[in-house]
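Here is the structure we will look at.
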Amino acid sequence: MKRPLFFCLVMLFSLMIIGAGYTSWSDTLLVNADAATGWLGVGIRCEDADAWMCGRCRSQEPERVNPPSVSYAEGPWVCAVSETDYYEYVDLFFGGGCNGCRITAALEIGNGGTIPARIKGISLDGCGNGCLQKWEVSLPNGYRENGSGIKRLQRAVRDVLLDPQQRMCIELQFHPGCSAEEASLSIWADACRWNDRG
């Protein structure tokens, strides 16, 4: 009876010593590693900006009707998607023509970063909410939505997720009255990390 009891006590004592040694050893583990969270790089670019005149403009005396002028300039470089550059904002300039003229702009928002991005909204500054007549949004998954007004456009692009190297297209058409005088419009996309809900 003494031998099995003695054997059990020796085993118990051995396990206690091994456990204490293991605890002391695992308490001082050193790890040498680099950790990175990724880079958020969302930009916008203008694919095309154009104007066309309605039949009423063309039926007037040609010397009295000036065709509308449209041009754009892009802000500082932000990122590249498939070797195409994207910028912080796009400035659109238009004017001239009659009230029946239409101004159109085809824009792309791209994620050139290394982490997914969530689009919080798109801002149009300088023309007013009543200026935007029609829009169409094309998402990377093929889904399309169209409508009118800046508020509906904001709802259409809000919470769209763009994976790295993905892009979405936005086509804008402006009210005829906006082309009657010189006007400018700054357009930019507001984005954050895909898991940021702020």
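Structure data summary
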| quantity | calculated |
| --- | --- |
| Gain upon complete extension [W77, D190; 0.36 nm per residue less C-alpha separation] | 39.2 nm |
| Karplus-derived 3J(HN,Hα), 6.51/-1.76/1.60, for each residue of the stretch 133-149, Hz, glycine and proline x | 8, 9, 8, 9, 10, 10, 8, x, 7, x, 5, 10, 9, 9, x, 9, x |
| Nitroxide proxy distance, nm - points 7 Å out along Cα→Cβ at R158 and M11 | 6.7 nm |
| Order of T104, T84 under a 10 Å beta carbon neighbour criterion, fewest first | T84, T104 |
| Rounded to whole Hz, the Karplus (6.51, -1.76, 1.60) HN-Hα couplings of the stretch 77-88, x for glycine and proline | 5, 10, 7, 10, 10, 6, 6, 9, 7, 10, 10, 5 |
| Karplus-derived 3J(HN,Hα), 6.51/-1.76/1.60, for each residue of the stretch 113-120, Hz, glycine and proline x | x, 10, 10, x, 10, 10, 6, 8 |
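We did not get these values from a lab; they are worked out from the coordinates using the rules stated. Since this is a predicted model, take the numbers as computed values, not measurements. Ideal geometry is used to build each Cβ from the backbone, glycine not excepted, and the neighbour counts take in all protein chains shown.
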